Amino acid sequence: MWEFLIPLFAATVQSGTPIIYATLGEMMTEKGGVLNLGVEGILSVAALAAFWTSMMTGSPWLGFLAGGIAGMGMGLIHAFVCITCLGNQVVSGLALTILGLGLTNFLGVPFVGLPAPGFSPFDFPLLSQIPGIGDIFFKHDMLVYVSFIVPIIFWFFFKHTSLGMHVTATGEMPAAASAAGLKPIALRYFAVVCGGFLIGLGGAYLSLAYTHLWTNGLAGGRGWIAVALVIFAFWRPGRAVVGAYLFGGVMAFQLRLQAMGTNLPSSLLLMLPYVLTILVLILSAARGRRIDAPAALGTNIEPEG
Amino acid sequence: MAMFVRPVRERAIPEGTQPVVSLKGLTKRFGKVVANDGITLDVYPGRIKALLGENGAGKSTLMSMLAGRYRPDEGVIEVDGNPTKFSSSKDAIAAGIGMVYQHFMLVDSMTVAENVLLGQEGSFFINPKEFETRVGALAKEYGLDIDPAARISDLSMGERQLVEILKLLYRKSRILIFDEPTAVLTPEETNRLFEALWRMTEQGKSIIFISHKLEEVIALADEIAILRRGKIEGELDPNAIESKADLASRMVGREVLLEVDRQPADIGEVVLEVKNLTGLGLVSVDLDVKKGEVVAIVGVAGNGQKALVEAVTGLCKPPVDSVFIMGQPWRKFFAESTWNRSMCYIPEDRLGLATLPNHNLVDNLLLTTRKGFSRGWLLDKKRAEKDTIELIKKFDIRPGRIHALAWQLSGGNLQKAVLARELYREPRLIVAEQPTQGLDVSATEEVWNRLLAARDLAGVLIVTGDINEALQLADRIAVIYRGEILGILDTSDPDTVGKIGPLMAGLVD
């Protein structure tokens, strides 16, 4: 039993990691009051940017950073359209997804099948010795370990810094933030661009750690799962981690079942994460927790007068 | 519920006290409308100044200038004797002037302490617990009873107002402006607010209290300034007020500005009957309107006019068998009502309830008349356009383009457009709320004449705060006070003019 479960849980952590980054990035964006449905597109663009940088420079860390920066760039486009031009957030986000997927498929053609230096698993000193826990959590690559810390920083940022409080106020009621002398426009830019950075890190994980080669369709629907998870998590980072691992688990389980050669058609198994997405959304709705959403989410700040 | 009893204090301003803020000849225009006209006002430390005036008298404009939201066209604001120019509300806050708006600027999901300290945290890293002690201490200093750890969404309106006050106190505001602060409060909360305001003056704060509620102003204020049609009508000492009726008539004004020639029309059948309507804040209201007459509901705003209009027009449901329209019970009337030869409503909120701001005049015409333009599933837009063009001509609506959007029209033209649409329906009962508020003289005259002409087919019920309007248009005037009709007066009786003021103030002899 354990021989089956421990590798499954370890794989869960691995496939949950990019979802953690993407979910927290989307959560950051939404905390500022902006809905970004371009997560899927940002993930792909960032994955390619990270892969290309790592291949060119030979440094996976530079690649990781490049993924984040590519995410920031995509976030900046979204911010400009929604915050400055007062464009529709849903439309802009969907356009970003289509743009990102198309762009990566097009620019990625020469690299398909090529390897790049990435992050390899290593045993984390001491902690990996813990029986069970060590095997599940501490025999991964560096980016997984980073993903353990990011939610804590995220939580601390919103709970214990004034900037985090300002972003929350902007997402809840921009008029109140403005009346308090804050600059809601700038704060929204900050939230969207920082959120883009976090999503970008998730993209970098896909091409530098999850695989070490370039293939098309790396994002594989994780962006959409992240959008759903933000709702599932009620905009709280701790629950986002739980949700990300839940999905990671289903993805890993599904792969394992296929490898074991069940009679179930593989397309049915591939469907599992998305069936779970719908279930999760129905459950969240049934519990009526939409009220936890930032009150001004999805609405633009109209200029005064 | 007993009203707040004001502690006794010398109301006269001590000799040689310097005003903390002086407004000198402030004028503000919006297009052709003069919202504030040469206003001069002094505010002294430790005192409560009430600004009394009807809706649209210019109170909010005046205070927005003081709070730095608008810049005056003429005149200066002096703080501690120094002329100052505010370019934003931030400047005003820095000068110690803070305003509590009617709509609270609070983040619902945050705590009281977080809201008070938002933007004033003092450091990058913050500690919610420390926030709560800081704000708790401030609340205690001013005797305000509120839990700093509570979430705004769990608070009552009165408590939310205390949070707004705490925000100002934390920012060391010396002059606190309250814009109709009691509108959202229960009587107990109002009393508590007044006690809090009183305590703040004892700590040297100045308070400007904007209201149209006479009792409150008399109970609370050290000085009363009456604002009417953008001008200071007079400043008086609450102790020297002879009667509430006098104050009411000074606030509303009685001089005749405009007259129309109203010929009596043929009185026909009853089109609206309100029978012993109690509930929705109304107390046993009896009223009827016959075809060919105009009945005016007059009263200080907020005395139940809104509930009465909503009950008649179908916006909210009155108790069974209390409202009859064109002879039918309310429920039956609205179940079977047709688009024309029925009831029409001209709301006070022209650009929200009456029209769609971002739609053109054709679409706005279709809002209430679409049944008249439908062919099966389809709308006959061509015919609607043709009729809109005719209406624009007939009512002289400018700009004379059917594709002009509603928000682009001036108040007068928009009201004419609404009137054109509603009269197109050949109504039998017209309910018009503040039909000429904010309009200039010629537009007012036009609207009055149209309403009078409509009597050929319809009975008209108007709700107005303008006594002159009521006297000019109405055959009968019903005075409403705290949800009760205190009297229905015939305008052909010369004594009526003198009786309206006292009734509006709730005085029945």
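The values are calculated or read from the model by the stated rules, or taken from the named source; none is laboratory data. On a predicted model such as this, the values are computed, not experimentally measured, just so you know. As a convention, Cβ positions derive from the backbone with ideal geometry for all residues, glycine included, and neighbour counts pool all protein chains shown.
Out of the residues in the stretch B:76-98 that are surrounded by fewer than 20 Cβ atoms within 10 Å (Cβ to Cβ), out of contact with any helix residue (DSSP H, G or I) (no Cβ under 8 Å at 6 or more places or on another chain) and within 10 Å of another protein chain (Cβ to nearest Cβ), which is farthest from A:S178 (Cα to Cα)? Here the answer is B:A94.
Among the residues of the stretch A:241-256, not a single one is charged (D, E, K, R), within 14 Å of chain B (Cβ to nearest Cβ), assigned to a helix (DSSP H, G or I) and surrounded by 14 or more Cβ atoms within 10 Å (Cβ to Cβ). When B:L277 is tested against the conditions (1) touching a strand residue (DSSP E or B) at 6+ places or on another chain (Cβ under 7 Å); (2) assigned by TED's automatic domain parsing to the domain that holds B:D37, the lone failure is (2). Scanning the stretch B:156-184 for residues that are surrounded by fewer than 19 Cβ atoms within 10 Å (Cβ to Cβ) and of a type in the set (A, V, I, L, M, F, W, C) yields B:M157, B:A183, B:V184. So, in the stretch B:163-193, exactly how many residues are closer than 26 Å to B:E54 by Cα and at pLDDT 90 or above? Going through the stretch B:163-193 one residue at a time, the tally reaches 6. The number of residues in the stretch B:271-309 being more than 15 Å from B:T464 (Cα to Cα) and at pLDDT 90 or above comes to 20. The conditions are (1) of a type outside the set (A, V, I, L, M, F, W, C); (2) more than 20 Å from the chain's Cα centre (by Cα); (3) crowded, with 24+ Cβ neighbours inside 10 Å; (4) under 23 Å from A:W224 (Cβ atoms), and A:G67 fails exactly one of them. Which is it? The failed condition is (2). Taking first residues from the stretch B:480-509 that are over 17 Å from B:E215 (Cα atoms) and partners that are small (G, A, S) and in a loop (DSSP other than H, G, I, E, B), the Cβ contacts under 6 Å between residues at least 6 apart in sequence or on separate chains come to B:T491/B:A474.
The helices (runs of 4 or more DSSP H) found wholly in the stretch A:1-97 and carrying at least 2 residues that are farther than 25 Å from A:G108 by Cα occupy A:2-31.
If you go through the stretch B:99-112, how many residues are touching a strand residue (DSSP E or B) at 6+ places or on another chain (Cβ under 6 Å) and within 10 Å of another protein chain (Cβ to nearest Cβ)? So the answer is 2. The number of residues in the stretch B:363-385 being under 21 Å from B:P399 (Cα atoms) and surrounded by fewer than 19 Cβ atoms within 10 Å (Cβ to Cβ) comes to 5. Scanning the stretch A:115-143 for residues that are part of a loop (DSSP other than H, G, I, E, B) and of a type in the set (F, W, Y) yields A:F119, A:F122, A:F124, A:F138. Considering only residues that are under 14 Å from B:R425 (Cβ atoms) and in contact (Cβ under 8 Å) with a residue 40 or more places away in the chain, which ones fall in the stretch B:318-342? Selection gives B:M326, B:W339, B:N340, B:R341, B:S342. Sub-9 Å Cβ pairs linking a first residue in the stretch B:68-95 that is in contact (Cβ under 8 Å) with a residue 60 or more places away in the chain to a second residue that is exposed (fewer than 15 other Cβ atoms within 10 Å of the Cβ) and not acidic (D, E), at least 6 apart or interchain, are B:D80/B:Q18; B:G81/B:Q18, ordered by first then second residue.
Here B:L169 meets the list (1) assigned to a loop (DSSP other than H, G, I, E, B); (2) without any contact (Cβ under 8 Å) to a residue 40 or more places away in the chain almost entirely, failing just condition (1). Taking the stretch B:113-122 as the range and being part of a loop (DSSP other than H, G, I, E, B) and facing chain A (nearest Cβ under 7 Å) as the test, the residues that pass are B:L118, B:G119, B:E121.
Residues in the stretch B:466-505 that are part of a strand (DSSP E or B) and among the acidic types (D, E): B:E484, B:D490. When B:R398 is tested against (1) assigned to a loop (DSSP other than H, G, I, E, B); (2) within 23 Å of the chain's Cα centre (by Cα), just one condition goes unmet, and that condition is (2). A:Y145 falls short of the stated requirement of being away from chain B (no Cβ under 13 Å), among the aromatic types (F, W, Y) and surrounded by 17 or more Cβ atoms within 10 Å (Cβ to Cβ). Restricted to the stretch A:100-141, and to residues there that are acidic (D, E) and out of contact with any Lys or Arg (no Cβ under 8 Å at 6 or more places or on another chain), the residue that is farthest from A:G202 (Cα to Cα) is A:D135. Inspection of the stretch B:138-149 finds a residue satisfying the criterion of being touching a Lys or Arg at 6+ places or on another chain (Cβ under 9 Å), assigned to a loop (DSSP other than H, G, I, E, B), away from every other protein chain (no Cβ under 14 Å) and among the acidic types (D, E). Being in a loop (DSSP other than H, G, I, E, B), at pLDDT below 95 and more than 23 Å from B:V479 (Cα to Cα): is that true of B:R331 here? Spelling it out, it is not the case that B:R331 is in a loop (DSSP other than H, G, I, E, B), at pLDDT below 95 and more than 23 Å from B:V479 (Cα to Cα). Using the structure shown, decide if B:E426 is over 18 Å from B:V285 (Cβ atoms), in a helix (DSSP H, G or I) and either in contact with a Pro (Cβ under 6 Å, 6 or more places away or on another chain) or in contact (Cβ under 8 Å) with a residue 60 or more places away in the chain (or both). So B:E426 fails the test. I'm checking my understanding of the structure. Among residues of the stretch A:153-183 that are more than 8 Å from every other protein chain (Cβ to nearest Cβ), under 21 Å from B:K129 (Cβ atoms) and free of Cβ contacts under 8 Å to residues at least 60 places away in the same chain, which one is surrounded by the fewest Cβ atoms within 10 Å (Cβ to Cβ)? The selected residue is A:I153.
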